[in-house]
Amino acid sequence: MIATELVLVRHGQARCNAAGIVGGPLTCTGLTDLGRAQVLAAAERLAIEHATKPFTTLYAGPRLRLRETADILGSALGPRARVVAGLDGPVHGDADGRPWYDVKTSADGGPHAHPDRPWATGSDTWNGYLERAGAFLRDLIEQHEGQRLLFAAHGETVLALHTLLLELRPGLQTGFTVDHGSITQWQHHVNRLGQHRWLLDRHNDTAHLDPARGQRGRG
């Protein structure tokens, strides 16, 4: 039996992604036209599922690209998004609004390269972000046991959830591709013996995005 389901839609391409800019809370200017089309394609696909397996709650983080993604999902599926700070992406500090090329050059790599070191003044560390985001997701899962949740998510939120449920060790130098507008789904199974197991049912599912497939970017 599937007890709980978590379905995450990564936001569509944002203007900051297209420009190669760090899109923190101060400088995120929302989705591009392509990004909106990507999310709409995901929403139309999920609406088919929602008709027989309805989502109980739609969650989003506070950055504009997530709220715009949630608005598109909500218009297609019905539920109004709950915007919560715990689903925001990493804190970028002084890197907010700067080109990723310059930030990575100054930090000798992106956030994952030195996971216990900030990539800019006032930023998170990568492992610190994963720990904070994972703790929030753990609490959220406990609050919604037995429900089907939908998230308008950052790619980093998908990675934080994978780190939590797969119990990955800090600083692991492997990762997951998370395309704009992609769908990722975890299912909490309980068998007849009362045994519990989380299963990754789909990751980075982009079947709905052709011909828009392949549009990637951080944030």
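Values computed for the structure shown
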quantity: Using alpha-carbon coordinates, inclination of helix 64-77 to the longest axis of the chain, degrees; calculated: 20 degrees
quantity: Using θ = phi - 60° and Karplus 6.51 cos²θ - 1.76 cosθ + 1.60, couplings along segment 166-171 (whole Hz; Gly, Pro as x); calculated: 8, 6, 6, 6, x, x
quantity: MRE, 222 nm, helices only [DSSP H, n ≥ 4, -39500 (n - 2.57), over the chain, to nearest 500]; calculated: -11000 deg cm²/dmol
quantity: Taking only Cα atoms of segment 42-143, radius of gyration then Dmax in Å; calculated: 16.9, 50
quantity: Helix axis angle, 155-165 relative to the chain longest principal axis, alpha carbon, degrees; calculated: 60 degrees
quantity: Debye log10 I(q)/I(0) for the chain, one point scatterer per Cα, at q = 0.08, 0.10, 0.15 Å⁻¹; calculated: -0.27, -0.42, -0.95
quantity: Residues of segment 1-15 with amide N under 19 Å of the 7 Å Cα→Cβ point at Gln147; calculated: 2-9
quantity: Ratio of the Cα radius of gyration of segment 1-99 to 2.2 N^0.38 Å, where N counts its residues; calculated: 1.14
quantity: Crossing angle, helix 126-143 versus the chain [Cα axis fit, 0-90 degrees, rounded to tens]; calculated: 20 degrees
quantity: Relative contact order (percent, whole number), segment 94-170, Cα cutoff 8 Å, 6+ residue spacing; calculated: 24 percent
quantity: Mean shadow area of segment 9-63, taken as a quarter of the surface of its Cα convex hull (nm²); calculated: 4.1 nm²
quantity: Portion, in percent, of the accessible area of segment 126-198 that falls on carbon or sulfur, probe 1.4 Å; calculated: 49 percent
quantity: Dipole moment magnitude, nearest 20 debye, the chain about Cα centre, only Lys, Arg, Asp, Glu C-beta charged; calculated: 260 debye
quantity: Fully extended contour minus Cα-Cα distance, from Ala76 to Asp33, at 0.36 nm per residue; calculated: 13.7 nm
quantity: Relative contact order (%) - criterion: Cα under 8 Å, at least six apart; region: segment 1-63; calculated: 33 percent
quantity: For the chain: relative contact order, % (alpha-carbon pairs under 8 angstrom, 6 or more apart); calculated: 31 percent
quantity: Per residue accessible area in Å² of the chain, where ligands, DNA and RNA are left out and the probe is 1.4 Å; calculated: 47 Å²
quantity: Difference of contour (0.36 nm per residue) and Cα-Cα distance, Val84 to Asn204; calculated: 40.9 nm
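The values are calculated or read from the model by the stated rules, or taken from the named source; none is laboratory data. Bear in mind the structure is a predicted one, so any value in this text is a computation, not a measurement. Neighbour counts are summed over all protein chains in view; Cβ atoms, including those assigned to glycine, are modelled from backbone coordinates with ideal geometry. These area figures cover heavy atoms from the full protein model, side chains too; ligands, DNA and RNA do not enter into them. Shrake-Rupley method; radii C 1.70, N 1.55, O 1.52, S 1.80 Å.
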